[in-house]
Amino acid sequence: MKKLVLTILMLASLQITFAQGLTAKEIIRKADDKNRGLSSQGIMTMTVIRPDWTRTITMKTWSKSREYSLVLITAPAKDKGQVFLKIKTEMWNWVPSIDKTIKIPPSMMLQSWMGSDFTNDDLVKQSSIVVDYTHKLLAKEKVRDMDCYKIELTPLPDAPVVWGKVIMWITVSGFDMWMAEYYDEDSKLVNVSNNYDIRRMGDREIPTRLEMVPVNKKGQKTVMHIDEMKFNTGIDESFFSQQNMKKIK
Amino acid sequence: MKPVAVYILTLLFILLLTADGIALGQPPCPRAKASAAQSGDSTGNPAADSSAVKKERSWSFNGYVKDMQTLIVHMIDEPWVTDNLIHNRNNFKWNISKSFTFCLQERNRFYWGGLTAISPQYADFIAYDNGLVNMSWNIFSGKSYVLNIAIDRVWFDYTRDKFQVTLGRQRINWSQTFVWNPNDIFNTYSYFDFDYEEKPGSDAVRLQYFTSPSSRAEIAVKADKDQKITAAGLYRFNKWKYDFQGLAGIYTQSDLVLGLGWAGQIAGGGFKGEMSWFQPLKHFGDTTGVFLSSIEYDYTFRNSIFLQFEGFYNSNHTNSTNVLINQFNPALLNAKNPFLTGFSIFGNISYPVTPLISLALAGIYNPTNKMYFIIPTFTFSLMNNLDLSLISQTFQTYDPALMGSCQTSVFVRLKVSF
């Protein structure tokens, strides 16, 4: 369940956005800023889909800048009430049934998330798409009827990134991340993510359905659905506290 | 006392259910409403923030129903013992206002089978309640069955700014490590009692003051069924990416207790520890003090294999004759003597074979008592809210005097959560 934490963090990083006459890095930064806002709060549903089964998790999330986030699991029933708090680089898990606060070590933050198709790197290193990569504008392309900037992201030598490279398609009109391809260090395509359903969420329009599909695994995917989202609602830093972790509902 | 307590609780429960309907249509409170209306980056009101997205119900209800089949084998050729437990847990929580919360959690357990039949004290053991107020009742019991109803959480909470008071039966958990918890002086439990997922509570009053987002000071006072008071203060803070805590107090009016604990990381893995010293007040200058210490390290590999080790030391020499029974008997477990004397080491490896299936193998070795324990676990998520578990606990010894204690228990459990 700790891995769920990562989900939230990831959400921010996955719905990246992109701009015109801008450098590749500026496009990526715009997308990242749009996706994140100064702060955000919302409700999300994640569904892990496999040929024989599906599992669904719903959660409420709050975040501010890249430093603070809080996630409350609201379903399934057995995990309901669990809370994850991230302050800067530290993370805690609150298990209400036994009144226990568990400090989550970095290795646990890096583990694969519930067998879904999102890697933990997606989740934890949410600042990395701007900071940890060099960016190259490759072309403008049409993807599913949307004009997009096609940008190649290459990780910096010491960056804590699992990918060899990432290709992202960012919509020209809205700086929304529309598609991405994730390659391993041997330049082999591993995952493809597609974002859909641009809808108004609070003060902006963003893709509300994200699908991550592993290339070599038939019938598998993970879908993240944003049910509700508001941006810049004025959450104070003090909201992200161990006291609130135990009170949030 | 008993009927009065039951009456009050029933009344509170009815109140909870009826008042809920009234509370539903109302804003949480004028203050919360006012803050919700504010905007800008300085609000920081949790109630306002959480209600900004969707209007919340003021109460919640959840729980589970479990059925667990137990099989106990002492010697393969001797009669095997079987037992079955149907177990329902109900959790109610009512957020009365922004400041007040009420919580009631109870469990209903129906035991039937061979174990109930062969051990005459089993019904008393099931009904055991260490609280000041007895809230565990065997409603029906016969030769081969027992129905027990028990309330293990019932508390009121008041929060104002950084200050929080909780009164009633609650769990006060100061532990950091996984298996043995020297800092958990309020409600000791046994690692082997895996089926009691929530673990027992204490009849207590607890005051917490949150000094920063990751630090707090607290004082807790509890009374047990013998009306003995345990009172202690704890300060917890975060420094160098570690959580540290120190505690001091009086344990069951008989011992001074001092403790410290931490949770941090080494090389990416979790590094946690707890230590406590108990010194009898009547023998303050001598060597009758008891020292307990546990240190844990855990690491999760990229392929999701999880490794965990914990070492424990217990200097308490008042060891009991039947180790196994003590581990399941809450009446005999206590914070000063939570496990076997001497050194114990715990190791655990777990691996999610698929997101639905998880395998784990845990072991404990105690050379002082020449005992070891092997605990394999298999869990399978059948549906979103339906889980199947298969757990085995094997207790072995190479001390001829303790051979009679050896046994293997196998548990098959189906759990429906709601």
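Regarding B:PHE291, is this residue more than 21 Å from the chain's Cα centre (by Cα), among the hydrophobic types (A, V, I, L, M, F, W, C) and surrounded by fewer than 15 Cβ atoms within 10 Å (Cβ to Cβ)?
yes
Scanning the range A:66-78 for residues that are among the small types (Gly, Ala, Ser) and either within 11 Å of another protein chain (Cβ to nearest Cβ) or in a helix (DSSP H, G or I) (or both) yields A:ALA75, A:ALA77.
For the range B:296-312, filtering for residues that are among the polar types (S, T, N, Q) and part of a strand (DSSP E or B) leaves 2.
The residues listed here are B:SER392, B:SER409; of these, the one that is away from every other protein chain (no Cβ under 13 Å), touching a residue at least 60 places away in the same chain (Cβ under 8 Å) and within 26 Å of the chain's Cα centre (by Cα) is B:SER409. For the range A:96-109, the condition holds for at least one residue, the condition being that it is at pLDDT below 90, surrounded by 19 or more Cβ atoms within 10 Å (Cβ to Cβ) and under 17 Å from the mean Cα position of the chain (by Cα).
Is the range A:24-40 home to any residue that is polar (S, T, N, Q), at pLDDT below 90 and surrounded by fewer than 18 Cβ atoms within 10 Å (Cβ to Cβ)? Looking through the range A:24-40, none of the residues is polar (S, T, N, Q), at pLDDT below 90 and surrounded by fewer than 18 Cβ atoms within 10 Å (Cβ to Cβ).
Every residue in the range B:356-384 that is part of a loop (DSSP other than H, G, I, E, B) and free of Cβ contacts under 8 Å to residues at least 24 places away in the same chain, please.
B:ASN384
Filter the range A:201-222 for residues that are assigned to a strand (DSSP E or B) and either touching a Cys at 6+ places or on another chain (Cβ under 9 Å) or farther than 17 Å from A:ASP176 by Cβ (or both); which is farthest from the other protein chains (Cβ to nearest Cβ)? Across the range A:201-222, the extreme among qualifying residues is A:VAL213.
The residue that is nearest to the other protein chains (Cβ to nearest Cβ), among those in the range B:202-213 that are under 27 Å from A:ILE104 (Cβ atoms) and surrounded by fewer than 17 Cβ atoms within 10 Å (Cβ to Cβ), is B:SER212. If you check B:ASP129, B:ASP157, B:ASP195 for being within 11 Å of the chain's Cα centre (by Cα) and either of a type outside the set (A, V, I, L, M, F, W, C) or under 28 Å from B:LYS98 (Cα atoms) (or both), only one passes: B:ASP195. Tallying residues that are buried (at least 18 other Cβ atoms within 10 Å of the Cβ) and outside any strand (DSSP E or B) within the range B:385-404 yields 1. Scanning the range B:263-302 for residues that are away from chain A (no Cβ under 14 Å) and of a type in the set (Val, Ile, Thr) yields B:THR287, B:THR288, B:VAL290, B:ILE295. The set of residues from the range B:149-190 being within 14 Å of chain A (Cβ to nearest Cβ), in a loop (DSSP other than H, G, I, E, B) and of a type in the set (Phe, Trp, Tyr) comprises B:TRP174, B:PHE178, B:PHE186, B:TYR189.
If we keep just the residues of the range B:214-228 that are of a type outside the set (A, V, I, L, M) and within 14 Å of chain A (Cβ to nearest Cβ), which is farthest from B:LYS162 (Cα to Cα)?
Of the range B:214-228, the ones of a type outside the set (A, V, I, L, M) are B:214-216, B:218, B:222, B:224-228.
Of the ones still in play, those that are also within 14 Å of chain A (Cβ to nearest Cβ) are B:214-216, B:218, B:222.
Details: B:SER214: 12, B:SER215: 11, B:ARG216: 9, B:GLU218: 12, B:LYS222: 22 Å.
So the residue we want is B:LYS222.
Here's the yes/no breakdown for (1) within 24 Å of A:SER238 (Cα to Cα); (2) under 19 Å from the mean Cα position of the chain (by Cα); (3) assigned to a strand (DSSP E or B):
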position	(1), (2), (3)
B:TYR209	yes, no, yes
B:ARG216	yes, no, yes
B:ALA220	no, yes, yes
B:GLN227	no, no, no
B:LEU234	yes, yes, yes
B:GLY249	no, no, yes
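For the range B:248-270, a residue qualifies if it is in contact (Cβ under 8 Å) with a residue 60 or more places away in the chain and out of contact with any Asp or Glu (no Cβ under 9 Å at 6 or more places or on another chain), and the qualifying residues are B:GLY249, B:TYR251, B:ASP255, B:VAL257.
A single entry from A:ILE226, A:ILE198 fulfils the requirement of being within 14 Å of another protein chain (Cβ to nearest Cβ) and assigned to a strand (DSSP E or B): A:ILE226.
Determine whether B:ASN238 is buried (at least 18 other Cβ atoms within 10 Å of the Cβ), of a type outside the set (D, E, K, R) and not in a strand (DSSP E or B). Show your work before the answer.
Working: buried (at least 18 other Cβ atoms within 10 Å of the Cβ): yes; of a type outside the set (D, E, K, R): yes; not in a strand (DSSP E or B): no.
The answer is no for B:ASN238.
Determine whether B:LEU71 is away from chain A (no Cβ under 14 Å) and either on the phi > 0 side of the Ramachandran plot or surrounded by fewer than 19 Cβ atoms within 10 Å (Cβ to Cβ) (or both).
Numbers: away from chain A (no Cβ under 14 Å): yes; either on the phi > 0 side of the Ramachandran plot or surrounded by fewer than 19 Cβ atoms within 10 Å (Cβ to Cβ) (or both): yes.
The answer is yes for B:LEU71.
The values are calculated or read from the model by the stated rules, or taken from the named source; none is laboratory data. Quantities reported herein were computed from a predicted structural model and do not represent experimental measurements. Note that each Cβ is placed from the backbone with ideal geometry, even for glycine, and that neighbours are counted across all protein chains shown.
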